[in-house]
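What follows is a short report on a single structure.
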Amino acid sequence: MMACVKDNSEDGKVWRSQDGWHVDVRGLQPPNPMVAILRLLEMPDIGQRLVVHHDREPFFLYPELAERGWRWRLVPAEPGEVRLELWLGDASANQE
Amino acid sequence: MMIVDPSQNAKGRLLPPDIPFRFFATALFFHILAWVVLFLQSKDAGGLSWPMLSALHLITLGVLAMTAAGASFQLLPVATKRGVRAEGLCRLVYWLLVAGVALFTGSLVHELPGLAALGGGLAALALFGMAILLIDNLMGVEDMPVATGHAWAAALSLLTVEVMGGILALNLAFGFLENRGNLVLAHGILALFGFMGMLAQGFSTILLPMFALAPAPSEKLARIALFCNALGLLCAVVGALLEVRPLLVAGGLLGILGMAVLGWSLLAVYKKRLRKRTGFFFLPIWTGLAMGPLAILCGLAALFDLFANAGVLFLWVSVAGWLLTFLMGVLQRIMPFLASMHSVTAMGRTPLLSQLMAEGWAKAHFALHLTAVISVGAGLVVESPLAVRLGAAAGLLGALAMSAYGLELFKRVRRFKRDGI
């Protein structure tokens, strides 16, 4: 099952598949990818996991994710794509 | 086919942290030194005396160019997805720039033209290396037309500034120019509004929305701003070289228009920001941006002799009011970002931005810096060495506060790495 929720030049393409929510921010002008991802993380029904399809490693996103208690890791992707898996970690993990 | 090792796709990796941070730390040192020179030499601060030139170049080359080099080496590859191909050249640029700035500004204080020419030459070589790295990174980048357009204008301005600066440095030693005034003015306009100004405005289209978590500014407005700024720059430089006042006026008006359009587009996206509480850190950035048009107005006042010493005020507001205020504001935000990114542990933990930023030192710096800009500016206009000295003292305390901000950041990162807090 795959349902596209949003597809525009500011927020990218957002859809939900069997493994959870995905956002494709490839081709967006910086810093729109970062804003789109963080905006999505603020949505109440996004759950605890999000897969990001990016065209570059979003270094500046990481401190913002940490600030919100989210963790990330790079996962295998097609050539030319940087794919990240984000999950809501224990917010206190950063303060341990 | 899926790439099994995900890092193979993550192009545009970060440089080793010692590269950007060595530029930033040295910029903070030259920042202190600039105010010390101005404080000690304030009796000679009227007009473009050699000590005044030394203080100005400590800011322009020692602080602005040094910070711009560190920031662009690190940020441009992240934005363009093209890694820096010659890390060694980054380090060479650093050492040449440090040696060049130290020799050039020290020789100016002691009025040693031969050594000043040598120092200027070393600094020129460093900036040439920087221009090569910038151009190499920008070649073939097709997305991000606004930011890269500004960066191209900055890189081409830098190459031209190189030639002009080299001639002026040689003229210090050999005195072959009959009228160096035109070249000094063109060099100043191109260095401040071409090289530094374009870089600052280009980066601001990405960094400001990023700090506020706002969308990118309107590409149409940003293109209009770039066009106005570039055309204005061309008019002003040609007008300065050929002594054509209408061209200089047209350049100034186009520059004001370009800055106003860019400022408007940034303000528009700032209102749509995701981060509702931006805290103190935007105040220096907005203040710096607002002083850009003010600096040009001072320049126009100088063209029409509206008040005494308007030309020196133009230079001061451009360097200390506009660029230095803006850049220090950006540095206060960008240093914690980079420190956080470079401190990710094997367990995927990173220090929080909010824990790295020592806001008290940043506030102290801004209050003292603003006092210094106003007091020195007033002192230059009314030719009061006391006002310049008092302003320089405030600036020196502000620079020390800024260094304390950087030092506190370093201590907090080290504590995180050691204790995990």
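The values are calculated or read from the model by the stated rules, or taken from the named source; none is laboratory data. All of these numbers come straight from a predicted model, not from anything done at the bench. Backbone-built Cβ (ideal geometry, glycine too); neighbour counts: all protein chains shown.
A few remarks follow.
- Filtered residues of segment B:335-368 (kept if within 18 Å of residue B:68 (Cβ to Cβ) and at pLDDT 90 or above): B:335
- Residue match in segment B:287-297 (condition: in a helix (DSSP H, G or I) and over 26 Å from residue B:62 (Cβ atoms)): yes
- For segment A:61-72, the set of residues classified as under 14 Å from the mean Cα position of the chain (by Cα) and facing chain B (nearest Cβ under 7 Å) consists of A:62, A:63, A:66, A:71, listed by residue number.
- Any hit, segment B:324-337, residues being without any contact (Cβ under 8 Å) to a residue 12 or more places away in the chain, within 13 Å of chain A (Cβ to nearest Cβ) and touching a Pro at 6+ places or on another chain (Cβ under 8 Å): no
- Test: residue in segment B:385-398 that is out of contact with any Phe, Trp or Tyr (no Cβ under 8 Å at 6 or more places or on another chain), over 14 Å from residue B:38 (Cα atoms) and surrounded by fewer than 23 Cβ atoms within 10 Å (Cβ to Cβ): no
- Residue in segment B:51-72 that is within 14 Å of another protein chain (Cβ to nearest Cβ) and either free of Cβ contacts under 8 Å to residues at least 60 places away in the same chain or in contact with a Lys or Arg (Cβ under 9 Å, 6 or more places away or on another chain) (or both) present: no
- Among residues of segment A:22-60 being assigned to a strand (DSSP E or B) and more than 10 Å from chain B (Cβ to nearest Cβ), the one that is farthest from residue B:75 (Cα to Cα) is A:49.
- Within segment B:396-415, residues that are over 16 Å from residue B:63 (Cβ atoms) have Cβ atoms under 9 Å from residues that are outside any helix (DSSP H, G or I) and among the polar types (S, T, N, Q) in these pairs: B:413/B:343, counting only partners at least 6 apart in sequence or on another chain.
- The residues of segment B:217-255 that are within 14 Å of chain A (Cβ to nearest Cβ) and within 22 Å of the chain's Cα centre (by Cα), listed by number, are B:217, B:222, B:223.
- Remark: residue B:358 matches the filter, which requires a residue to be surrounded by fewer than 23 Cβ atoms within 10 Å (Cβ to Cβ) and either among the aliphatic types (A, V, I, L, M) or within 20 Å of residue B:200 (Cβ to Cβ) (or both).
This table checks each residue for (1) modelled with pLDDT of 95 or more; (2) farther than 25 Å from residue B:362 by Cα.
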position: B:187; (1), (2): no, yes
position: B:210; (1), (2): no, no
position: B:251; (1), (2): yes, yes
position: B:257; (1), (2): yes, yes
position: B:296; (1), (2): yes, yes
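- Filtered residues of segment B:201-255 (kept if within 24 Å of residue B:270 (Cβ to Cβ) and not in a helix (DSSP H, G or I)): B:213, B:214, B:215, B:216, B:217, B:218
- Residue that is farthest from the other protein chains (Cβ to nearest Cβ), among those in segment B:128-184 that are aromatic (Phe, Trp, Tyr) and in contact with a helix residue (DSSP H, G or I) (Cβ under 7 Å, 6 or more places away or on another chain): B:128
- Segment B:300-330, subset farther than 17 Å from residue B:392 by Cβ and within 10 Å of the chain's Cα centre (by Cα), residue surrounded by the fewest Cβ atoms within 10 Å (Cβ to Cβ): B:330
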